[in-house]
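Structure first, then comments.
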Amino acid sequence: MTDGGFSVRSMSWKDTAMINICDLDLIGKTLSEGKLRMHISRDYYGGKIVDDGEALRMMKQSSIINLAGKRAVEIALANKMAAEQAVRLIEGVPFLMIYKFSY
């Protein structure tokens, strides 16, 4: 696993699959920027530990994707799942939310 892998929490509701993926080393950290505080909790992001390939597979199969961390966001951007302009930095840590709509 590259740099410790990723922590993934997956959920489903009706026909919608949602995953939260973060760089494993971010679990438990709290980031601040002005009035904004983001706690990367085990409750929200914690779960299965996966490598890059498994993280990408799960991203491709999910309708809603919440990403935290440089490596997690880079996988999505490198695979053209989102535009770089959609990435939000908090204390230099990238965050990205992806919603896939089907008709």
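Within segment 28-35, can one find any residue that is closer than 14 Å to Phe95 by Cα and among the β-branched types (Val, Ile, Thr)?
Yes, segment 28-35 contains a residue that is closer than 14 Å to Phe95 by Cα and among the β-branched types (Val, Ile, Thr).
Could you tell me how many of the residues in segment 1-59 are of a type in the set (D, E, K, R), free of Cβ contacts under 8 Å to residues at least 40 places away in the same chain and in a strand (DSSP E or B)?
Final tally of qualifying residues: 2.
Laboratory data are not the source of any read-out in this text; all were calculated from the coordinates shown. The model shown is predicted, which means the values in this text are computed figures rather than measured ones. Using ideal geometry, Cβ is built from the backbone for each residue, glycine included, and neighbour counts are taken over all protein chains shown.
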